[in-house]
Amino acid sequence: MQPKIEFVNRVFALAPYRGEVRKKLHALKYWDRPAFARSFAQAVCDLAILTERYDLVTAIPMHRRRFIQRGYNQAELLAREIAARQRTPFRQVLKRVQDTRPQHLLGRMARQENLAHALALTARVEGLRVLLVDDILTTGSTLSAAASLLVTSKVKHVDALVVAVSLADSAGQ
């Protein structure tokens, strides 16, 4: 499964967003089950989904308010686990500077507008090969917005890794 996302060279995905994967991602995100990040990262590595070596692994950021409510950023947990297993440095180089509406509540066009100016870069990444990690890919708006910042900052290469792809929402990309 490799949907095309603007500013992203390749997208790696573990599975479609349905069945047991959907249940576990929902639990990771909303039911305080951070240990599921470890099992998803292990599955990614066991299946040898990643075919490249990276200089840096980073995650889609969560706004501080939502982080305080949840206690963790599930994308960051996934990214840290994958970085450790790949023996690649993890660094959170993106920050969510606006508290936007949750993407899952919005349609395709509204998702893009929702993210305009919502993210900022917090570190130099020029010349690096970056793996950008998120939990679920639907329209690609979040990954595209984050990758756009990285590309503008002259990274050498951006790939993305997601646990699941919501096939109904990502069709036609």
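Overview of results
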{"quantity": "Condition met for PHE67 (out of contact with any Leu (no Cβ under 8 Å at 6 or more places or on another chain), aromatic (Phe, Trp, Tyr) and surrounded by fewer than 21 Cβ atoms within 10 Å (Cβ to Cβ))", "calculated": "yes"}
{"quantity": "Filter pass, VAL57 being among the hydrophobic types (A, V, I, L, M, F, W, C) and out of contact with any Ser or Thr (no Cβ under 9 Å at 6 or more places or on another chain)", "calculated": "no"}
{"quantity": "LEU128 modelled with pLDDT of 95 or more and closer than 19 Å to VAL8 by Cα", "calculated": "yes"}
{"quantity": "Residue, surrounded by the fewest Cβ atoms within 10 Å (Cβ to Cβ), within the range 20-64, restricted to residues that are among the polar types (S, T, N, Q) and touching a strand residue (DSSP E or B) at 6+ places or on another chain (Cβ under 9 Å)", "calculated": "THR51"}
{"quantity": "Selection count, the range 115-138, where residues are over 10 Å from the mean Cα position of the chain (by Cα), within 14 Å of PHE7 (Cβ to Cβ) and crowded, with 18+ Cβ neighbours inside 10 Å", "calculated": "4"}
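The values are calculated or read from the model by the stated rules, or taken from the named source; none is laboratory data. Nothing here was measured: the structure is a model prediction, and the numbers come from that model. In this analysis, Cβ positions are derived from the backbone assuming ideal geometry, glycine residues included, and neighbour counts consider all displayed protein chains.
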